[in-house]
Each structure stands twice: as C-alpha cells, then as structure tokens.
1. Mind giving me the FRET efficiency for residue 6 and residue 33? R0 is 35 Å, r the Cβ-Cβ distance, nearest 0.05 is fine.
2. Taking the Cα centre as origin and putting +1 on Lys and Arg beta-carbons and -1 on Asp and Glu beta-carbons, what dipole magnitude results for the stretch 40-173, to the nearest 20 debye?
3. If you line up the long axis of helix 117-131 against the longest principal axis of the chain, both from Cα atoms, how many degrees apart are they, to the nearest 10?
4. Going through the cross-link list 62/132; 80/147; 38/154; 38/160, which pairs have a Cα-Cα distance over 29 Å in this structure?
5. Given a 1.4 Å probe and every protein chain left where it sits, what share in percent of the accessible area of the chain is carbon and sulfur?
6. Between the stretch 20-62 and the stretch 1-16, how far is it from one alpha carbon centroid to the other, in angstrom?
7. Send over a whole-number figure in Å² for the accessible area per residue of the stretch 43-146, probe 1.4 Å.
8. Quick one: Cα centre-to-centre distance for the stretch 117-147 and the stretch 67-92, in angstrom?
Amino acid sequence: MNKEMIPIFAVLITAISTLLAVFITNYFNMKSLERNLKFQLQLKNNELRLNKLENVYELFEKWNTYFSIHYLNYLYFHNKKITQSDLFELILDPKVSHSGDFQKLITLLNIYFPELKDEYEIVNKARSDVVKYMNVDKEINVEDFVKVQESFEKVAMNFKKQISELAKNMKNG
C-alpha cells in the first residue's frame, strides 16, 4: 500500500465512523422521542377521558337529582299532599329543568365510555320502573312506588360507584 493512501484511508475511516455514529445516535434519539411522544399522547388522552368522566359523573348526579325531585313530587301527589295543578306547576318549574344535560350524558357515555353502557342500562331499567308510577290518571300502590324509588336510588348509587372506580383505575394506570 502506498504511504500517500494511508492518510486518505484514515480520513475516510474517520468520516465513515463519524457518520455511522451520528446515524446511530439519531436513530436512538428518534426512538426515544417516539416513546416520549406516545407517552405524552397517552397521558393527554387519559387526561381528556378523566375530564369527560368527571363530566359524566356531574351530569348523572344532576339528572338523578332532577329525576328524584320529579318522582318525589308524584309521591306527594299520590299521598294527597299536593294537588294535581301543584304537581304540574312543580314539574314545569324551570329551576328544576336539566336543559339538555341528559343528552350530553348519553353522548359522553356512548362516545367515551361504552364500558359503562351495561351499567347505565340497569339504571335506565330502574328509571322505567319508577316512571310507571308517575301517573296522575289512576290510583297507584304508594308502597310499591316507594320500593321502586328506593331500588332506583340503589342502582343509581351503584352506577356512580362504577364511574368512580373507572376514574380510580384511569388515575392509577
């Protein structure tokens, strides 16, 4: 080998080694950035879902309260504590309105939390049982009405516990 070629090979080997080192460093930096980006995205998605879940809890609590007020008004009516016109006045009271909250609740459940759908269906069934007694045209068995109200309250409480459990799991994992 020619002595003049040795420095050229040395420079060439150094340049290739440097380029290779830069390529390897960039490769691992990109992998690290990808992992970090995925983690940040997952964190952001989890934060968004947790916010939405808080909204679900608040909307359900509001809806549950309004529904309870309505069925208690019917109970007062059936216990002859208020008249039919008093009942209708209470039902139509704008302070006891939930203006679209129920639709927001259902939307959030369907879009973000399909895993709560079965639990919600149990609540909806219990609500349907209560609604059967919310009638002014016929006499009802007040004791049965109270039983289905209590059953609804238990189911609603269980649903709120399910929401809380889901939130806890999201925070922990």
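The values are calculated or read from the model by the stated rules, or taken from the named source; none is laboratory data. Everything numeric in this text was worked out from a predicted model, so none of it was measured. A quick note on method: Cβ atoms are made from the backbone with ideal geometry, for glycine too, and the neighbour counts reach across all protein chains shown. Just the protein is used for accessible areas: all its heavy atoms, side chains included, with ligands, DNA and RNA removed. Shrake-Rupley method; radii C 1.70, N 1.55, O 1.52, S 1.80 Å.
1. Rounded to the nearest 0.05, the efficiency is 0.30.
2. Taking the Cα centre of the stretch 40-173 as origin, the dipole is about 380 debye.
3. 10
4. In this structure, 38/154; 38/160 exceed 29 Å between Cα atoms.
5. Values: 7230 of 12210 Å².
Solvent-exposed carbon and sulfur of the chain make up 59 percent of the total.
6. About 48 Å separates the Cα centre of the stretch 20-62 from the one of the stretch 1-16.
7. Using a 1.4 Å probe on heavy atoms only, each residue of the stretch 43-146 averages 61 Å².
8. 15
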